[in-house]
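Report on one structure; see the data block that follows.
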């Protein structure tokens, strides 16, 4: 019975991951003295159940937080989120001015355009997925933002 429970527990993360796909992942290159960067992507959920990202990790940064940018009383603020909810049979777009993964405390060597940062997404229930996220020149940012506006 114990072996059966262990086998079932091992299948759960695999079944969740089979339903999740990440597309259009990117990180804009930070100015030289910036202490934070942000990761953007579209997380697609082909399952009939809501899936939640509850944490993230990336090497080369002191802290990673899930955020949402909002405007409150005319001021632009970033609010830390406990989770990012990907709707059943839907998607969540992480983009500038909205949901994003905040990469705080940039360590040396600083990521630059052309680098790829492995960003691990931790899902509710223990499943994990690592996404290879390219760092793009800030000039590419406008093109990517326009493309993501369609999501």
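A short reminder: the numbers here are calculations on the coordinates, not readings from a lab. What you see is a predicted model, and the numbers here were worked out from it, not measured in a lab. Positions of Cβ are backbone-derived with ideal geometry, glycine not excepted, and every protein chain shown enters the neighbour counts.
How high is the FRET efficiency between residue 54 and residue 110 when r is their beta carbon distance and R₀ equals 25 Å, given to the nearest 0.05?
Given R0 = 25 Å and the Cβ-Cβ separation, E is 0.35.
Kindly put 93, 63, 130 in sequence by how many other C-beta atoms sit within 10 Å of each C-beta, fewest to most.
63, 130, 93
Could you state the orientation-averaged shadow area of the convex hull built on the Cα atoms of region 37-85, in nm² to one decimal?
Values: hull surface 19.1 nm².
The number I arrive at for region 37-85 is 4.8 nm².
Could you put 43, 20 in order, starting from the residue whose Cβ has the fewest other Cβ atoms within 10 Å? All intermediate terms of the calculation are to be shown ahead of the outcome.
Values: 43 25, 20 19.
Fewest-to-most Cβ neighbours within 10 Å comes out as 20, 43.
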